[in-house]
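A.B. asks: I'd like to ask you about the structure that follows.
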Amino acid sequence: MLALRDLQQRFYRSLAAAPGPMASEHFDAALLALVEGGRSLDARARLDVYAQMYWARLHDVLAEDYPRLAAILGPERFRNLACRYLAAHPSEQPSVRHLGSEFAAFVSIDPDTRDVPFAGDLARLEWARLAVFDAPDAEPLRLEDLRAVPADEWPALSFALAPAVRVLRAEWPVHDVWRSLAGHAPAEVAPSTVRPAYTRLRVWRTGFMVYQASMDAAEDVALACVVAGQTFARICEALATVVPPAEAARTAAELVLRWIADGILIRR
């Protein structure tokens, strides 16, 4: 008789050894010897019931985390993609929250998604949305806080991004794809109609709502300065490389006001 810990480890390894229909080929022999067969199911078939339930749950987690990608690929292709991913990146943490952390990178190089060239970027967007939804809350900077700052202190003023903000740079307009899939059947969004376009996206959460918006070059440059912890003066200098220098300070102020309205800035 196996010790309880050894039994548990063998049971888990048997379930997690291979995804989908290949699971039963990897069952532990010592574990199989302990499973009683019945009239309708032998020991291997009984254990396979648990294995298929385990993999089905992991597949469901990925489908819940990447619903738009799952929709455009279709059930069978997404299921096969999930199996290949899980074989390469098995679940190794108690929580399935992080199961799909490498999925976008995997999708980007998977041969079966070549006819959907924006699949990797779409997956990155979906993961970013999930990340901001789960991110900690933080007290946002208010307009009243800025009004209290003396004018001569503005050049040295610096900001920080709230935890529930992500910046995404993509080769495809995946925010348009994401929005199109929300209102149409997947078959109506043909991958061949999507054209590559360098896209900068800001993804953030307010309350329980997740938002996303495309950014122009000015906002992209300025937000990168915020992430780097640079001062308002340095933000203005960086903006002078993408807008007329005489407009840099005004553009910086407008962006700060936009970020304040969206609640994405916090005190540094």
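A.B. asks: Provide the packing ranking of 258-267, 134-143, 107-116, i.e. peptides ordered by the mean count of other C-beta atoms within 10 Å per residue, highest first. Provide the component values of the computation, followed by the final result.
C.D. replies: Numbers: 258-267: 17.8, 134-143: 13.0, 107-116: 14.6.
Most protected by this proxy first, the peptides run 258-267, 107-116, 134-143.
A.B. asks: Below 8 Å, C-alpha to C-alpha, sequence gap of six or more: please give me the relative contact order for the chain in percent. Numbers along the way, then the final one.
C.D. replies: On the way: 342 pairs, mean separation 44.3, N = 268.
Computed over the chain, the figure is 17 percent.
A.B. asks: What dipole magnitude, in Debye to the nearest 20, does the chain give about its Cα centre under +1 on Lys/Arg Cβ and -1 on Asp/Glu Cβ? Don't skip to the answer; put the middle values down first.
C.D. replies: Numbers: 29 positive and 34 negative charges, 60 e Å.
In total the dipole reaches around 280 debye.
A.B. asks: Magnitude of the Cβ-charge dipole of segment 78-158, K/R +1 and D/E -1, about the Cα centre, nearest 20 debye?
C.D. replies: Details: 8 positive and 14 negative charges, 87 e Å.
The calculation lands at about 420 debye.
A.B. asks: Given the peptides 100-106, 37-43, arrange them by the average over their residues of other C-beta atoms within 10 Å, most packed first.
C.D. replies: Working: 100-106: 18.4, 37-43: 11.1.
Averaged packing, sorted descending, gives the order 100-106, 37-43.
A.B. asks: Could you work out the relative contact order of segment 148-225, using alpha carbon pairs under 8 angstrom and six or more residues apart, expressed as a whole percent? Don't skip to the answer; put the middle values down first.
C.D. replies: On the way: 70 pairs, mean separation 23.8, N = 78.
So the answer I get is 30 percent.
A.B. asks: How do 268, 124 stack up against each other in accessible area, from largest to smallest, with a 1.4 angstrom probe?
C.D. replies: Values: 268 155, 124 85 Å².
In descending accessible area the options line up as 268, 124.
A.B. asks: Distance from the Cα centre of segment 110-154 to that of segment 189-268, in angstrom?
C.D. replies: Centre-to-centre (Cα) distance: 10 Å.
A.B. asks: May I ask for log10 I(q)/I(0) of segment 47-110 at q = 0.14, 0.17, 0.23, 0.25 Å⁻¹, from a Debye sum over the Cα atoms as equal point scatterers with solvent left out?
C.D. replies: Those come out to -0.37, -0.55, -1.00, -1.18, one per q.
A.B. asks: Once the whole set of protein chains is in place, how much accessible area is left on residue 127, using a 1.4 Å probe, in Å² to the nearest 10?
C.D. replies: My reading of the accessible area for residue 127 is about 50 Å².
A.B. asks: What ranking of 92, 76 comes out by heavy-atom accessible area, probe 1.4 Å, highest first? Write down the numbers at each step before the final one.
C.D. replies: Working: 92 155, 76 120 Å².
Ranked list, largest accessible area first: 92, 76.
A.B. asks: Please list, in order along segment 64-79, the HN-Hα scalar couplings obtained from phi with the Karplus expression 6.51 cos²θ - 1.76 cosθ + 1.60 (θ = phi - 60°), rounded to whole Hz, x for Gly and Pro.
C.D. replies: With coefficients 6.51, -1.76 and 1.60, one gets 6, 7, 10, x, 5, 5, 4, 5, 6, 7, x, x, 5, 5, 5, 4 Hz.
A.B. asks: Now a separate question. Note down, for the chain, the three equivalent ellipsoid semi-axes (square root of 5 times each alpha carbon gyration tensor eigenvalue), biggest first, whole angstrom. Don't skip to the answer; put the middle values down first.
C.D. replies: Details: eigenvalues 464, 100, 37 Å².
Those come to 48, 22, 14 Å.
A.B. asks: Something else now. Give me Rg/Rg_expected for segment 1-132, where Rg uses Cα atoms only and Rg_expected = 2.2 N^0.38 Å with N residues.
C.D. replies: Against the empirical 2.2 N^0.38 Å value, I get 1.20 for segment 1-132.
A.B. asks: Ok, one more. Using a cut-off of 10 Å between beta-carbons, work out the net charge of the residues near residue 165 (Lys and Arg +1, Asp and Glu -1, residue 165 not included). Present the calculation step by step, with values, prior to reporting the outcome.
C.D. replies: Details: positive: 166, 202, 205; negative: 262.
Net local charge, residue 165 excluded: +2.
The values are calculated or read from the model by the stated rules, or taken from the named source; none is laboratory data. What you see is a predicted model; the values in this text were computed from it and never measured. Positions of Cβ are generated from backbone atoms using ideal geometry, with glycine treated the same way; all protein chains shown enter the neighbour counts. Only protein heavy atoms, including side chains, enter the accessible area calculation; ligands, DNA and RNA are left aside. Shrake-Rupley method; radii C 1.70, N 1.55, O 1.52, S 1.80 Å.
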